[in-house]
Amino acid sequence: MDKVFEQTSSVMLRAGRPDDALKCGTILYQGLRAIAEQHGFKPDFPSAEFGAGMLTELLAHPTVYSVVAETEDGRVIGSNFLWEGDIIAGIGPTSVDPATQNKSVGRRLMEHVLQRAHEKRCAGVRLVQAAHNSRSLSLYTKLGFDVREPLAELQGQPLGLTIPGRTVRPATEADLAACNRLCYRIHGHDRAGELNGAVGRGTATLVECDGRVSGYASEIGFFGHTVGENNEDLKALIGAAPALNGLGFYVPMRNADLFRWCLKHGLRVSQTATLMSLGLYNEPAGPFLPSALY
């Protein structure tokens, strides 16, 4: 029997389940496409099948909390996800059926996961918002989120570059402690759960300078995050990435040196986004690349 969280006369919020993947993935694709095309952008996700595949993984993920919105007659009209494997929780992807937008379904989905984060005693909650979506920007601000960082989503081919004085190699379990300490120095918290998963998948890399770990990336891609002691570390990690996820990766635009370097090496801006936070947030003490979550 489905676990029902909340119900009004027309919409019910319930726990997500594996067989929601296709319906929710289709809504995710259609919703993002509709908003993107209104502003002349290509959607982040290439197809409904891609969205369904991604949500299949999320609905089965042990540290990702899911909530689905459903009408009285059982029609799925939206979903939301809270990544709660670390001290800072990430929200997304959030989607609502275009036919039912502007009916407060998105607000209810957001309020629900924020209540969940409060109950789980998360130190903070963050998300990345598409800059062209003025409605979501307004909603998230009303719900208490603060704008923290303007981001550029970059796409392109692998650069195949090396940076003098830097060595990039795969990260292993033996490197986790050093990488987590570095993340803590930059952000005031680590992302140990995410990093451990990336090491297990084989996507995590690190950069060494003078024999020490000076930066790492869980992945140079849409769902990967990166930190480094300075921009040369981030350039080394980006330059050595064997593939650049087709969805792109985010660069903080205030880091003009790194942003300019990426553009000079042929990467292009596909769209812009906004990093937003609620709760604990420290101004980063070094360069970083956020994921699609934060």
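The values are calculated or read from the model by the stated rules, or taken from the named source; none is laboratory data. Just so it is clear, the structure is predicted and the values come from calculations on it, not from any experiment. Because the Cβ atoms are built from the backbone with ideal geometry, glycine has one as well, and the counts that use them run over all protein chains shown.
Values computed for the structure shown
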{"read-out": "Breaking point among (1) in contact (Cβ under 8 Å) with a residue 60 or more places away in the chain; (2) closer than 21 Å to residue 26 by Cβ; (3) outside any helix (DSSP H, G or I), for residue 85", "value": "(2)"}
{"read-out": "Condition check for residue 42: part of a loop (DSSP other than H, G, I, E, B) and over 17 Å from the mean Cα position of the chain (by Cα)", "value": "yes"}
{"read-out": "Filter result (buried (at least 17 other Cβ atoms within 10 Å of the Cβ) and without any contact (Cβ under 8 Å) to a residue 40 or more places away in the chain) within region 181-195", "value": "195"}
{"read-out": "Among (1) at pLDDT below 95; (2) not assigned by TED's automatic domain parsing to the domain that holds residue 188 - the single one residue 271 does not satisfy", "value": "(2)"}
{"read-out": "Subset of region 15-39 [part of a helix (DSSP H, G or I) and small (Gly, Ala, Ser)]", "value": "21, 25, 31, 34, 36"}
{"read-out": "Set 275, 263: member being over 19 Å from the mean Cα position of the chain (by Cα) and not in a loop (DSSP other than H, G, I, E, B)", "value": "263"}
{"read-out": "Condition check for residue 172: surrounded by 13 or more Cβ atoms within 10 Å (Cβ to Cβ), of a type in the set (Val, Ile, Thr), in contact with a helix residue (DSSP H, G or I) (Cβ under 8 Å, 6 or more places away or on another chain) and without any contact (Cβ under 8 Å) to a residue 60 or more places away in the chain", "value": "no"}
{"read-out": "Candidate set: region 95-135, residues that are of a type in the set (S, T, N, Q) and modelled with pLDDT under 95; chosen: the one surrounded by the most Cβ atoms within 10 Å (Cβ to Cβ)", "value": "95"}
{"read-out": "Qualifying positions in region 14-31 - touching a residue at least 60 places away in the same chain (Cβ under 8 Å) and crowded, with 21+ Cβ neighbours inside 10 Å", "value": "16, 24, 27, 28, 31"}
{"read-out": "Meets criteria (touching a strand residue (DSSP E or B) at 6+ places or on another chain (Cβ under 6 Å), farther than 20 Å from residue 91 by Cα, of a type in the set (Ser, Thr, Tyr) and surrounded by fewer than 16 Cβ atoms within 10 Å (Cβ to Cβ)) for residue 205", "value": "no"}
{"read-out": "Residues located in region 185-229, provided they are aliphatic (A, V, I, L, M) and in a loop (DSSP other than H, G, I, E, B)", "value": "204, 220"}
{"read-out": "Yes/no for residue 225 being touching a Leu at 6+ places or on another chain (Cβ under 8 Å), buried (at least 22 other Cβ atoms within 10 Å of the Cβ) and more than 19 Å from residue 167 (Cβ to Cβ)", "value": "yes"}
{"read-out": "Region 182-221: number of residues that are of a type in the set (D, E, K, R) and under 20 Å from the mean Cα position of the chain (by Cα)", "value": "5"}
{"read-out": "Scan of region 51-82 for residues that are crowded, with 23+ Cβ neighbours inside 10 Å and at pLDDT below 95, ordered by number", "value": "51"}
